[in-house]
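Below: the structure, in structure tokens.
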Amino acid sequence: MSKRLIAHISILFANVIYGVNYTIAKEIMPDYIKPAGLVFCRVLGAIILFWGFSLFTKSSKIERKDFFRLIIAAIFGVALNQLLFLYGLNYTTPIDASIIMTVNPILVLIIASILIKEVITLRKISGIIIGGIGAIILIFYSGEVSLSSNHFIGNLMIFTNALSYGIYLVVVKPLMLKYEAVTVMKWVFLFGFFIIAPVGFEDFSEINWKQFPLNISLSVLYVIIGTTFLAYLLNVYGLKFLNASTVSIYIYSQPIIASLVAIIFGKDSLTAIKIISTILVFVGVYLVSKPKEKRF
């Protein structure tokens, strides 16, 4: 089996984990753990797992000039990404969140064109516009469109989270070509912890672990081990052999997975607006991901 094929399988599996996570994380918050407290758990758990795992795997020394890039990756890939995602998910629904996240490939294209001067074709511009319309429709579809609407604010947070994750994918790619995946992740999460700790420690200290039923305890383990450790590891492994745009394209499998899980467990429902928004975003992603034909 080729390394590129393994990379594709790794990215797909990571997105399956993410797709299931929407409903599982929603079940934990806010009754058992507040969003910032859950982020603290995720990052602390990831540090223990990645640094522990690095003791048994090949590791390389980070060059001093690359620490700045690691810090930027930590800000956008750990701190902002996880805070915005869990706070947003706390206010919105699993299906809405997963649909909005599918705009990520379009955001990655825009970010890549700005940071690494990637050429944007006319077809890709069309995809950006169509996909953007789909995301905007869903963000503003919350019964009441106002800054006082928690659902609207939650959708907006998820969109900003997608933007943050897009920046992370572009920033971390050069590091993945230079170092082992575990080496990069252990430093990214360590720096991320220093940013998260002041925000999440208070909520973490208020967690009453003794009151957790078994399903919530297992859900917390899933979020820490599955969504944070395993999914991040699979994603960065994929980035070694695939470009950031290709990795981000897999994200459009998440609404299908998240919707199935949420509907099966009675946590959400599918509406015509959500279906239309999904179709628009998928069309946009398809146009963005097609090979270049005509330069703009």
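Under 1.5 on a/c is rounded, so check that first for the stretch 1-74, then, if it is not, pick prolate when a/b is larger than b/c and oblate when it is not; a ≥ b ≥ c are the square roots of the alpha carbon gyration tensor eigenvalues.
The shape class here is oblate.
Which of the listed residues, VAL236, LEU218, GLY192, is farthest toward the dipole's positive end in the stretch 167-253, when Lys, Arg count +1 and Asp, Glu count -1 at the beta-carbon?
Comparing the listed Cα positions along the dipole, VAL236 ranks first.
Using θ = phi - 60° and the Karplus curve 6.51 cos²θ - 1.76 cosθ + 1.60, what whole-Hz ³J(HN,Hα) does each residue of the stretch 206-215 get, with Gly and Pro shown as x?
For the stretch 206-215, the Karplus curve yields 8, 5, 9, 4, 5, 8, 6, x, 4, 5 Hz.
Ordered by residue, what ³J(HN,Hα) values in Hz, to whole numbers, does the stretch 160-176 give under the Karplus form 6.51 cos²θ - 1.76 cosθ + 1.60, where θ = phi - 60° and Gly and Pro are x?
5, 4, 4, 5, 4, 5, x, 4, 4, 4, 6, 5, 7, 3, x, 5, 5
Using the C-alpha atoms of the chain, what convex hull volume per residue, in cubic angstrom, is computed?
Looking at the chain, the number lands at 141 Å³ per residue.
What does the accessible area per residue of the stretch 60-138 come to in Å², with a 1.4 Å probe and no ligands, DNA or RNA counted?
That works out to 39 Å² for each residue.
Taking the Cα centre of the stretch 146-217 as the origin and placing charges on Cβ (Lys, Arg +1; Asp, Glu -1), which of TYR165, SER205, ASN155 is farthest toward the positive end of the dipole?
With unit charges placed on the Cβ atoms, the residue in question is TYR165.
Could you go through the stretch 66-72 in sequence order and give the Karplus-derived ³J(HN,Hα) for each residue, using 6.51 cos²θ - 1.76 cosθ + 1.60 with θ = phi - 60°, rounded to whole Hz, and x for Gly and Pro?
Per residue, the Karplus-derived 3J(HN,Hα) values read 8, 5, 4, 5, 4, 5, 4 Hz.
Determine the order of ILE114, ILE275 by accessible area, beginning with the largest, at a probe radius of 1.4 Å.
ILE114, ILE275
Can you give the helix-only mean residue ellipticity at 222 nm for the chain, where every DSSP H stretch with n ≥ 4 adds -39500 (n - 2.57) and the sum goes over all residues, rounded to the nearest 500 deg cm²/dmol?
The per-residue figure over the chain is -23500 deg cm²/dmol.
Quick check: pseudo-label points 7 Å beyond the Cα along Cα→Cβ at ASN243 and SER217, how many nm apart are they?
Simple spin-label model gives 4.8 nm for this pair.
Past 26 Å, Cα to Cα, is the threshold; run LYS3/LYS65; LYS26/LYS210; LYS124/LYS274 against it and keep the listed order.
LYS3/LYS65
The values are calculated or read from the model by the stated rules, or taken from the named source; none is laboratory data. Predicted, not measured: the structure shown is a model, and the values here were computed from it. Using ideal geometry, Cβ is built from the backbone for each residue, glycine included, and neighbour counts are taken over all protein chains shown. Please note that ligands, DNA and RNA were not included when accessible areas were found on the heavy atoms of the full protein model with its side chains. Shrake-Rupley method; radii C 1.70, N 1.55, O 1.52, S 1.80 Å.
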